[in-house]
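The values are calculated or read from the model by the stated rules, or taken from the named source; none is laboratory data. None of these values were measured; they are calculated from a predicted model. Cβ coordinates were reconstructed from backbone atoms using ideal geometry, including for glycine residues, and neighbour counts include every protein chain displayed.
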Amino acid sequence: MFVEAFGGSVKGGTPHSGSGHMRRMSEVSIQSTMSGVIDSLPLQTINALSQKWWGPKRLDYALYCPEGLANFPTNALPHLFHASYWESLDVIAFILRQVGRFDGTGPGENDEKEVSSFSPCQPREKWIKKRTSVKLKARNVAANHRANDIIVKEGAPQTLGARFMYGPLDMITLTGEKVDIYVMKDAPVGEWTLIATEVTDKTGRVLHSIPEEKSLGFGIYPMKMIVRGDHSYVDFYMAVVPPKTEVVVFSIDGSFTASMSVTGRDPKVRPCAVDVVRHWQDLGYLIVYITGRPDMQQQKVVTWLSQHNFPNGLVSFADGLSTDPLGHKAVYLKNLIQEHEVVVHVAYGSSKDIGVYTSIGLKPKQIFIVGKVSKKQQALATPLADGYAAHLVALSSHGGSRPAQGNARMVIPRPYFGLPGHNSSVRRRR
């Protein structure tokens, strides 16, 4: 078996018991397994040892590694391998795609086809204000529309909101222009339905309250708002949940990012952070991501979550540049608890988030902090001194965590950032 991957090759190893056919042991595979002793042991001996250790169920793969890495210090290689083979694409998922001979399209790719084939009910129209066309042509800037995901208790008013701006620094505000609002009621394979048309205000915002007789029932619904003048759009979600829905909160800043890249555009994800989020999602909790970053950075942040395979969740950003980003987090969480009867089971963040989480009534055992914690703060939270990997072991052990309670588990999907709008910067918001 020979598969081109990552610019190199992947070769099959020992016979696989469930495949129905035999594959030859690859010398490259054996060498990767027995690195350090291959020079002193004959191939026949290594073959016998590997069969004794693992039997016919063993499956080896040699992943492509550029020759230039041979010049890197040995202690630097584990971090590079982690970034290349785990962060970019789950290596296990990659191997399964080769073994299972799948069609090569994952949820994100299928949804991209779905999004790209979407056809608005309303054709493009001339801008209502002539100056809108003049400004957009003169500046030649891309759309930077955004909208926070919405969590609402069933029976509560359902209000949709978004802001329509152009340029990375909000150079142009879309004022006085039509925006069409769509919902997909049977995600992810349903049809988009036009539910309303609104006009942006002087700040570029659109607010729409769904009439009570047309309100949506339990579920998580993809929403789309499309500018009538140029068909640029913003995607977001609305989750309609029953009372006492249990959520797990993750503060993106500090708790997920291990370091900043040279350009500051692609922070490295902390090892095992994705697995911890998956653990809670598998137990039936609704995942909520919060950040104090301004909403103008929404495209980049959501793209980063998508690229690192974080499970799908509801995302909340600050409304523009804020002098009190922590205050935004506290107000947002208090609103979920008081107005929509959401129950925060546990929360993750950096030491800066401890005050936010204590203000909503969480106990120290419910607050998990990554990174440095002062002595004064250690009694207020549970520091993860050994990182997410050790924490995941503790969560997976008997009594370490429990499944979510209530009916919310039935309405919460379990994909990664792959439904319409959560795939990439192009797919999410243009």
Among the residues of the range 331-342, is any outside any loop (DSSP other than H, G, I, E, B), among the polar types (S, T, N, Q) and touching a residue at least 24 places away in the same chain (Cβ under 8 Å)?
no
What pairs can you find where one residue is in the range 345-360 and in contact (Cβ under 8 Å) with a residue 24 or more places away in the chain, the other is basic (Lys, Arg) and surrounded by 17 or more Cβ atoms within 10 Å (Cβ to Cβ), and their Cβ atoms are less than 8 Å apart, with a gap of 6+ or different chains?
353/329; 356/329
Any residue at all in the range 284-291 that's under 14 Å from residue 349 (Cβ atoms), modelled with pLDDT of 85 or more and small (Gly, Ala, Ser)?
no
Looking only at the range 168-186, which residues are more than 30 Å from residue 216 (Cβ to Cβ) and at pLDDT 90 or above?
172
Being surrounded by fewer than 17 Cβ atoms within 10 Å (Cβ to Cβ) and of a type in the set (Asp, Glu) is the filter here; which residues of the range 334-365 pass it?
339, 341
Those residues of the range 311-326 which are in contact with an Asp or Glu (Cβ under 7 Å, 6 or more places away or on another chain), in a strand (DSSP E or B) and modelled with pLDDT under 90, in sequence order:
318
Within the range 280-310, of all residues that are assigned to a loop (DSSP other than H, G, I, E, B) and more than 13 Å from the chain's Cα centre (by Cα), the one surrounded by the most Cβ atoms within 10 Å (Cβ to Cβ) is 285
Need at least 2 residues that are surrounded by 18 or more Cβ atoms within 10 Å (Cβ to Cβ) and touching a residue at least 60 places away in the same chain (Cβ under 8 Å) per element, so show me which strands (runs of 3 or more DSSP E) inside the range 131-243 make the cut, counting only ones lying wholly within it.
150-153, 159-163, 178-184, 219-227, 233-241
Of the residues in the range 345-389, those that are at pLDDT 90 or above, of a type in the set (Val, Ile, Thr) and outside any helix (DSSP H, G or I) come to 346, 360, 367, 369, 370, 382
